[in-house]
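To keep things clear, I will list the structure first and then write my remarks on it.
The values are calculated or read from the model by the stated rules, or taken from the named source; none is laboratory data. Remember, predicted model here, so these are calculated numbers, not experimental data. When we count neighbours, we look across all protein chains shown, and the Cβ atoms used for this are built from the backbone with ideal geometry, even at glycine.
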Amino acid sequence: MNKPVIDTIGATGKVKQVIMVWDMPVRVFHWMLVICFAGAWLTSESERLAMIHYAFGYTASLLVLIRLVWGVIGTRYARFSQFLKTPKAVIEHFMAMLRGHPHHDVGHNPAGGLVMFALMLFILLIGFTGYLTVKEFFGNFVSEIHEAVASLVLGLVVVHIIAAIGMSVIEKQNLVRSMVTGTKKGFPEQGIRYPQYLIGALVFLAAVYFFYLILSGSLPAFTQ
């Protein structure tokens, strides 16, 4: 819901407020994916923790699949149509940043949207190659791909974190906190009306339950 907190005055003379931008499904997806990727990375070298590793990895893939669906049917700033731009738009965004005139997008900027989408696709690839590794298809070749893509994703995550901190400084608002609260600065008409708390709760419960099924061995097709 929009908060009546007056913050700044835009160039058009309109009053900027604290508005709702990120719905609950997007926030649940974001932070649960952080937990799953970190958990899978930390347990990747331990045979004793293999089931936990599988659970984190497969749950990350499930979250991405859900996010792909939500990117089509979700709220305004959750949709891919809002932030997936042409290569020309991405280049123009970078050039504007280099000139010191970055675009202040309410949702994802063109570069951030591209990185986020790439991360999702790579995580699906990690999950798929992990499954092939469990099934011992293609021997060490697919296992090496699995590890290489995981390392690439780790690098993209570091870039994402640095970019979030940098844009927080440029935009003078905490973008990490906004992914927790769902709010950013903007004009009232830019905010979303419904945070979708129920759908966010369902996404959370589905991910937790799927994690439990993998961890408990209830879905042996994924782990044996």
Check your understanding: Based on what the data block shows, is residue 56 at pLDDT 95 or above and over 25 Å from residue 135 (Cβ atoms)?
Key -> no
Exercise for review: Scan 175, 156, 132, 213 and give me the residue that is in contact (Cβ under 8 Å) with a residue 24 or more places away in the chain and among the hydrophobic types (A, V, I, L, M, F, W, C).
Suggested key: 156
Exercise for review: Considering only residues that are more than 30 Å from residue 57 (Cβ to Cβ) and of a type in the set (Lys, Arg), look in the range 156-191 and name the one that is surrounded by the fewest Cβ atoms within 10 Å (Cβ to Cβ).
Suggested key: 172
Check your understanding: Are there any pairs with C-beta distances below 7 angstrom linking a residue in the range 99-111 that is in a loop (DSSP other than H, G, I, E, B) to a residue that is at pLDDT below 70, with the two at least 6 apart or on different chains, and if so which?
Key -> 109/103
Review point. Tally time: how many residues in the range 197-210 are touching a residue at least 12 places away in the same chain (Cβ under 8 Å) and within 15 Å of residue 55 (Cβ to Cβ)?
Key: 3
Review point. Given 117, 138, 122, which one is free of Cβ contacts under 8 Å to residues at least 12 places away in the same chain and either under 20 Å from residue 68 (Cα atoms) or not in a helix (DSSP H, G or I) (or both)?
Key: 138
Exercise for review: Could you tell me whether any residue of the range 80-88 is modelled with pLDDT under 80, closer than 22 Å to residue 176 by Cβ and more than 14 Å from the chain's Cα centre (by Cα)?
Suggested key: no
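Go over the candidates 81, 44 one by one and state the one that is over 20 Å from residue 215 (Cβ atoms), surrounded by fewer than 19 Cβ atoms within 10 Å (Cβ to Cβ) and polar (S, T, N, Q).
Working: 44 fails: over 20 Å from residue 215 (Cβ atoms).
Only one candidate passes the filter, namely 81.
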Practice item. Name every residue in the range 116-155 that is closer than 30 Å to residue 186 by Cβ, surrounded by 17 or more Cβ atoms within 10 Å (Cβ to Cβ) and of a type in the set (A, V, I, L, M), in order of residue number. Key: 116, 119, 120, 123
Revision key, fill the gap. Of the residues in the range 192-224, those that are on the phi > 0 side of the Ramachandran plot and within 20 Å of the chain's Cα centre (by Cα) come to 196
Exercise for review: Only residues that are in a loop (DSSP other than H, G, I, E, B), out of contact with any Leu (no Cβ under 7 Å at 6 or more places or on another chain) and not charged (D, E, K, R): list them for the range 181-224, please.
Suggested key: 182, 187, 191, 192, 194, 195, 196, 216, 217, 218, 224
Point to revise | the range 26-39 residues that are at pLDDT 95 or above, paired with ones that are outside any helix (DSSP H, G or I) and polar (S, T, N, Q) (beta carbon under 9 Å, 6 or more apart) | key: 26/75; 26/196
Exercise for review: Mind telling me which of the residues 178, 143, 168, 151 ends up being part of a helix (DSSP H, G or I) and in contact with a strand residue (DSSP E or B) (Cβ under 9 Å, 6 or more places away or on another chain)?
Suggested key: 178
